[in-house]
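One structure is given below, encoded as structure tokens.
Readers should treat all values here as calculations from the given coordinates under stated rules, not as data from a laboratory. As the structure is a prediction and not an experimental result, all values here were calculated from the model. Cβ sites come from the backbone with ideal geometry, for glycine too, and all protein chains shown count toward neighbours.
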Amino acid sequence: MKVFFGKHGFILILVAIFVLIFGLGGVYSRFMTSELEEHIEENATGAEYALYLEMFPGADTLTPYTPGEVSKTYPLAGGRGDFAPTVDKALKILQGTSEKGVVYVINTKGKEPMKVGVGISLENDACVGIAVLEQNDTPDYFSQLGDPFYSQFDAKALSDLALAVDTFAGVTYSSKAFEIALFYARELYAADYDFVIPTVAMTLVKLEYNFDPTTFIASPYIANIIYGDQDTEAAVMLSASFDYVGLVGGGTDLEADFQAAVKALAQGAGTLNTQANFVSFDEENNTLVMQTKGYNPNAIQASIVLNDTLDIVVSITFVSMETYANQGGYGDYTGGPAPAVENNLRNQYLADGDPNVDGVAGATVSSNAVRSLLQLLDGFVEAQNGGE
């Protein structure tokens, strides 16, 4: 053994040194990697937390806590089924030792999953701000949500019976994601802070389009409800933003609380596609004007001529500024410019009367917009009973 070490001792010492160096180097590398990851996480969290502190002037501390368990589902925009939001984390907002509010980070959904932080003030039980942390909705649509949209969250009382988010035209899916987050944050707040969510005795039986040409401009929707202690039935006309307009056929208006309640229920139902709407109806010339929202900020407009008995669509003429063609447009469509896609779908509908027309490849947004218009048009024709 002594002979062995005598001959190879120097080599063994070198090997031991290298093993020690590489071993310590690996430990150091893992340590530094861990430290770097923690540093990145701290910086990311710091930037995120700064957004929350801005919602509460004077606040200086955030304390994470475990919120109460709340299970709720909400309808997605466009009748795409129900969605159950979740809370990612909750933080108490402090000024010194005084608790000023709370922020709930909610996993919600527009067209795609979205994560937002909702700030709520304990002083007045109101939403005081909202921060977008992650979102994957269509960039050209989502970018249209500017200050006029976000400012509505600066002082939104949770005690409002008709609590809702004012939808931005053409960005319905994303707007609905914010509303789901707000509603769910209110539920969490109620569970954590004994806040009582206001309610009235009302059931939304059915929400439908208004096909009466004399009223459908101001009141595009009708809600059938049961309300009050006596379970009174009523059909209520609603505006494009679901505000109460009046009772179908006239009569004594609902009380203010019931008006607010029907708006909240209708706006939260998510059962109607609000992409298309009526603009006018010329009874003398049997001409119906409609519009729908596609990709372009300017709506696609359609002038529809019906026969004398109002049971056949004679012609549809589109005016469109859609940019689906391949001159810098948004899709892979390579055909002619607008209204080529609109006319394609129109021809399908006129050929067989089916409003569920096939979309045009590369022009999905425009195709969906026109399809929603044709579906609403088909409902109008059916509702007229051939003019009888």
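Computed quantities for the displayed model
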{"read-out": "Lysines with Cα under 19 Å of residue 115, excluding same-chain neighbours fewer than 8 positions away", "value": "72, 89, 92, 176"}
{"read-out": "Which of 262, 280, 324, positive extreme of dipole for region 262-350 (C-beta unit charges)", "value": "262"}
{"read-out": "DSSP-loop GluC sites (Glu not before Pro) across region 97-192, with at most 15 other Cβ within 10 angstrom", "value": "123"}
{"read-out": "Rounded, prolate or oblate (a/c below 1.5 giving rounded, otherwise prolate when a/b exceeds b/c) for region 176-321 by Cα gyration tensor", "value": "oblate"}
{"read-out": "Compactness relative to 2.2 N^0.38 Å, alpha carbon Rg of region 61-193", "value": "1.01"}
{"read-out": "Percent of Cα-Cα distances greater than 14 Å, calculated over region 202-269", "value": "50"}
{"read-out": "Tensor-based shape of region 142-214 (alpha-carbon gyration tensor, a/c under 1.5 rounded, otherwise prolate or oblate)", "value": "oblate"}
{"read-out": "Relative frequency of Cα-Cα separations exceeding 21 Å in region 248-388, percent", "value": "50"}
{"read-out": "For region 267-299 versus region 183-226, the gap between their alpha-carbon centres in whole angstrom", "value": "22"}
{"read-out": "Three-way shape label, region 157-255, alpha-carbon gyration tensor, a/c 1.5", "value": "oblate"}
{"read-out": "Residues 378, 160, sorted so that the one with the fewest Cβ neighbours within 10 Å comes first", "value": "160, 378"}
{"read-out": "Amide H contacts under 5 Å for residue 100, placed H, 5+ residues apart", "value": "93, 94, 95"}
{"read-out": "Net dipole in debye of region 276-387 [+1 Lys, Arg Cβ; -1 Asp, Glu Cβ; about Cα centre; nearest 20]", "value": "440"}
{"read-out": "Region 202-269 - charge dipole about Cα centre, Lys and Arg +1 at Cβ, Asp and Glu -1, debye rounded to 20", "value": "240"}
